[in-house]
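Notes follow the structure.
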Ligand SMILES: [Zn+2]
């Protein structure tokens, strides 16, 4: 008997990595290809991220594509019923409700492409990305280049003493760093980062 393949099969793709790794560029590249194939594409980003544009997804290299700004991930569901492909940028700024929304969209037969930071500035997994990675069919983890040493970078270093998890900024506040050069902030004594930096540099210079 010939196996029956479902033609409108949906799935979830996650593009993750640190800042400056090209996540938005990769998302835009995939969405552009879908648009060229005349697939219906809906693109969303969280309201918090207004760094560059109110109604476009913009990568650091100024690639841009029109997008809808939403506050609650459930708005994504209502606004993508007619779409074949659903793109979601800066997914780490959505709450856990995004996981269920992505699952529903994929179950409806849609291709869901999610881009987001997998770790925060402390190097801690950034929800809801970890759960999305677990339920996704395809995962692409990309690296930036460490501004200190030139090795592949997977960590986002914050250059300000602010301790809140979400501080929106670009290369004025953040740097991509490799595992060796990354200095996670201390939870309590974030006031003496310089001495720690120097200690770490000294201990790294042997290797
Ligand atoms: Zn480095």
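Computed from the coordinates by the stated procedures, all read-outs in this text should not be read as laboratory data. Since we're looking at a predicted model, the values are computed, not measured. Ideal geometry is used to build each Cβ from the backbone, glycine not excepted, and the neighbour counts take in all protein chains shown.
Cα centroids of region 89-118 and region 126-146: 11 Å apart. Spin-label pair residue 122-residue 179: with each label point 7 Å from Cα along the Cα-Cβ axis, the two points sit 2.1 nm from one another. In terms of other Cβ atoms within 10 Å, 94, 182, 155 run from fewest to most in the order 182, 155, 94. Of the peptides 69-76, 16-23, the order by per-residue mean of other Cβ atoms within 10 Å, starting with the highest, comes out as 16-23, 69-76. Per the Cα gyration tensor, region 11-142 maps to an equivalent ellipsoid with semi-axes of 19, 17, 14 Å, ordered largest to smallest.
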